[in-house]
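Asks: Pasting a structure here, questions to come.
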Amino acid sequence: MNEPARQIQNVSVEARGVRRSYHGQAVLDGIDFKVEPGEIFVIMGPSGSGKTVLLKHLIGLLKPEAGEILIQGESVNTPGLRDKYRMAMVFQSSALLASMNVSENVGIYLTEHKLMPPREISKIVTEALKTVGLVGVSDRFPSELSGGMQKRVAIARALVIQPQLVLLDEPTAELDPLMAVAIGEEILKLKSNLHATSIVVTHDRDLAFGVADRIAMLVNGKILFVGTPDELRKNPDPKIQNFIFAELLIRRYQTHERIT
Amino acid sequence: MFRNIGEIMIMFVQTVRALPLAWRHRRKVAVQFFEIGNSSLLMVCILALFIGGVVALQTGPVLVERGLSYVLGGMIGLSVCKELAPVMMSILIAGRVGSAMSAELGSMRVYQEIDALETMNINPITYLVLPRLLAIAIALPMLVLFSIPVAWMGGAVVAMANHAISVDFGSFFSDLRDVVETKDIWNGIIKSFVFALAIGSISCHQGLITLGGPRGIGRSVTKAVVNSIVVILVLDYFLTRFLLMVQQ
C-alpha cells in the first residue's frame, strides 16, 4: 500500500484565498493565513462560522472552489503528499470505525501501513490509551463507549500516528475539565516531543488560551483576527470581544446554576 | 446517470489496479467471502430448487402433450445453467449482499469513517472496495455453480412427481446429459462473474457517494439494488449475444 511517511520534523500550512460556498452562500470567503512549522494554531469562532469546513479543506478532504491550501509549499491535493507527511485529524464526531474494537481503531494506521510487528503495535496502542485515561476498554466497540470516551479513543488514534501535522476539531467537547486539561497537555507534548504542527478548532476558551501560539477568529467565513492570545484579549473589535465575553458569561451562568 | 457510470468505471479501474495488493488484504476478502457465501447459501438452495421445479411445472405438461417429454431434461438443464441460475442468483445476491455493501459503506461515509481513513492515508478503494469486489467475484460464480445441480434436482423431482408430466429421474437426467455440455455451465459461470463485478461496483460506488443521514443511506441502498438488477438484465442480453457469437 502506502510507504511509511518520511521523517520530516515539522510542516507549514498555508491557506491562500480559500473560498467555498454551499447553495450560493459563502461559507469560506477568502481565507488567508499561514501556520508556521511546529506552531499550535487555534481557530475560534461562533457556531456555523465555517471552522470545521475550513479544517476539512486544510487536510484535503474538501477542495476549495477558489484558492489553495499548501502543506510545506505543496498543494494539499498533490498526489503522494500524504506519503510524505504523517497527518492526523481528530473529528468532532470521533469517526471511529464501528466495525473495529478500540485497540484495532487506535492501531489502524500502524497496522495498515505495516510500520511495525503486531506485538509492538499492541504495546504502543496500550500506551496511547493510557495517555488518554482509558484502561481496560481495548476490546470494546465504539458503540459501547460514551461520547467522551470515543473522543479520547480518537485522540489516542491520532497520537499513535506521531503526526507531523495534526488537526483537532473540538478535541475537548464532551470531556470533563480534568480530561480537557490532559488533552491540552498532549497537544503541547506533540509540539515539544514531535515538533508537530497543530491546528485546533475549539470553543473551549481555556484550551485555546492555554495551548495556542496564535489564535485566529473566524466569523461568517472570514478571518477577523490572527494573533497571539494576548493580542486577542486586547483587540478592541466588538465582535471579538463579544465572543470572548459571551464565553465568560456562559461560564458565570453555569457556575450560578450549580450554586443554586 | 452518465456521471455515475463514469465514476463507477473509474472506481473499477482503480480497484483492478489495486489487485496486486489483494494478498495483503486476504483476511478481509475471506471475511467478506464467508459473509456472502454463508448468508446466501440457504436462500440460493431454496431459490434454485423452486426455479427448477417451476420451469418443469410450466413446460412439462405442454411438452408431454406434444409427445416431447424426452426433451424436458435437456431443456431444463440448458435454461437453468445458461440463464436462470446466473440471472436469478445474481438478483438474489444484489438484494442480499449489494444492499448490505451499500448500507455499510454509506454509513461509513455519513459518519465520517471514510474521511478518517483518508486522513490516515488509507485508500478506501484498497481498504474497502477491493476486498468486497474480490469476494463477490469469487462467491457469486461459486453459488451459481452450486445452484445449478440443485435446480436440476428441483426440476427432476417435479417432473417425476407431477401426474401431468411423469418423467422419471433416469430419462430426465439421461436427456440432460445428452444436451448439456461443460461449456454451457461455463457460460453461466462467466455471466455470473460479470454480474458479480457489476453488483459489487454499483453497490460500493453507491455507498461511497452517500450523502445526508439515515435517509441518505436508505436511498443509497434502494438505488444500489434497483440499479444492480437493471444492469444485470441489460448485461444479460449483451452477454448472451456475445457468448452465442463466441460459441458458434
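The values are calculated or read from the model by the stated rules, or taken from the named source; none is laboratory data. Since this is a predicted model, take the numbers as computed values, not measurements. Positions of Cβ are generated from backbone atoms using ideal geometry, with glycine treated the same way; all protein chains shown enter the neighbour counts.
Asks: Hey, can you tell me all the residues within region A:79-97 that are facing chain B (nearest Cβ under 7 Å) and assigned to a loop (DSSP other than H, G, I, E, B)?
Replies: Residues satisfying the conditions are A:Phe91, A:Ser93, A:Ala95, A:Leu97.
Asks: Can you name every residue in region A:104-147 that is of a type in the set (Asp, Glu) and in a helix (DSSP H, G or I)?
Replies: The answer is A:Glu104, A:Glu112, A:Glu120, A:Glu127, A:Glu144.
Asks: Please count how many residues of region B:157-177 are surrounded by 15 or more Cβ atoms within 10 Å (Cβ to Cβ) and in a helix (DSSP H, G or I).
Replies: 9
Asks: Return the only residue of A:Asp176, A:Asp206, A:Asp169 being in the same structural domain as A:Asp230 (by TED's automatic domain parsing), buried (at least 22 other Cβ atoms within 10 Å of the Cβ) and acidic (Asp, Glu).
Replies: Just a single option satisfies the conditions, and that option is A:Asp169.
Asks: Right, another one. Out of all the residues in region B:178-198, is one or more part of a loop (DSSP other than H, G, I, E, B) and within 25 Å of B:Asn4 (Cα to Cα)?
Replies: No, that holds for no residue.
Asks: Look through region A:98-120, keep the residues that are surrounded by fewer than 23 Cβ atoms within 10 Å (Cβ to Cβ) and away from every other protein chain (no Cβ under 14 Å), and return whichever of them is farthest from A:His57 (Cα to Cα).
Replies: Applying the filter and picking the extreme gives A:Arg119.
Asks: Among the candidates B:Lys191, B:Lys183, single out the residue that is in contact (Cβ under 8 Å) with a residue 24 or more places away in the chain, surrounded by fewer than 17 Cβ atoms within 10 Å (Cβ to Cβ) and within 21 Å of B:Met89 (Cβ to Cβ).
Replies: Exactly one residue qualifies, and that residue is B:Lys183.
Asks: Restricting the search to region B:61-113, which residues are within 14 Å of another protein chain (Cβ to nearest Cβ) and more than 19 Å from the chain's Cα centre (by Cα)?
Replies: B:Glu104, B:Leu105, B:Gly106, B:Ser107, B:Met108, B:Arg109, B:Val110, B:Tyr111, B:Gln112, B:Glu113
Asks: Hey, can you tell me all the residues within region B:1-44 that are of a type outside the set (A, V, I, L, M, F, W, C) and within 25 Å of A:Thr111 (Cα to Cα)?
Replies: Listed by number, the residues that qualify are B:Gln14, B:Thr15, B:Arg17, B:Pro20, B:Arg24, B:His25, B:Arg26, B:Arg27, B:Lys28, B:Gln32, B:Glu35.
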